Amino acid sequence: MRRVVLSIAVLCAAFFVPRASFAQDRAGITGVVRDSSGAVMPGVLVEASSPALIEKTRSAVTDSSGQYKIVDLSPGTYEVAFTLTGFKTVRRGNLILEGSLTPTVNAELQVGSLTEVLTVTAES
């Protein structure tokens, strides 16, 4: 009798306990933003946009060490934009995310007017 109860408890736990493997099917993007002198840049708005996202754009802001991380992204093709007032906007396109891949996408911002946009297109 004790074995039957124990077996049922183990089976129930296997079905109702959340599995970490479900979270592994989501990708992310991480990196560091610097200025043209190599200094890290806190407060930069980083936006990842893709038709694969329900909300179309997911964003983050760089921390005090210039680092950012955008997590829980669906597989697909993304464009990442780096924006800060007084600097040229930098865009990185054709970034393909598959599975649980988390590529590093760094950026270097240059001083510029508010209307200038620098678009970088290269294979990731």
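The values are calculated or read from the model by the stated rules, or taken from the named source; none is laboratory data. Keep in mind the model is a prediction, meaning the values are calculated, not measured. Ideal geometry is used to build each Cβ from the backbone, glycine not excepted, and the neighbour counts take in all protein chains shown. Heads up: the accessible areas ignore ligands, DNA and RNA and are worked out on the full protein's heavy atoms, side chains in. Shrake-Rupley method; radii C 1.70, N 1.55, O 1.52, S 1.80 Å.
General remarks:
- Integer Hz, Karplus 6.51/-1.76/1.60 couplings in order for the range 65-78, x for Gly and Pro: 9, x, 8, 9, 8, 10, 10, 6, 9, 6, x, x, 9, 10
- Accessible surface, 1.4 Å probe, highest first, among residues VAL80, VAL61, VAL120, VAL111: VAL111, VAL61, VAL120, VAL80
- Shape of the range 34-119, Cα gyration tensor, a/c cut at 1.5: prolate
- Per-residue surface analysis assigns THR102 an accessible area of about 60 Å², computed on protein heavy atoms at 1.4 Å probe radius.
- Amide hydrogen neighbours beyond the local backbone of GLY31, cut-off 5 Å, H modeled: TYR68, VAL105
- Among LEU84, SER64, LEU101 the positive-end extreme of the charge dipole of the range 51-105 (Cβ point charges): LEU84
- The distance between label points at VAL71 and LYS56 comes to 2.7 nm (points 7 Å beyond Cα on the Cα→Cβ vector).
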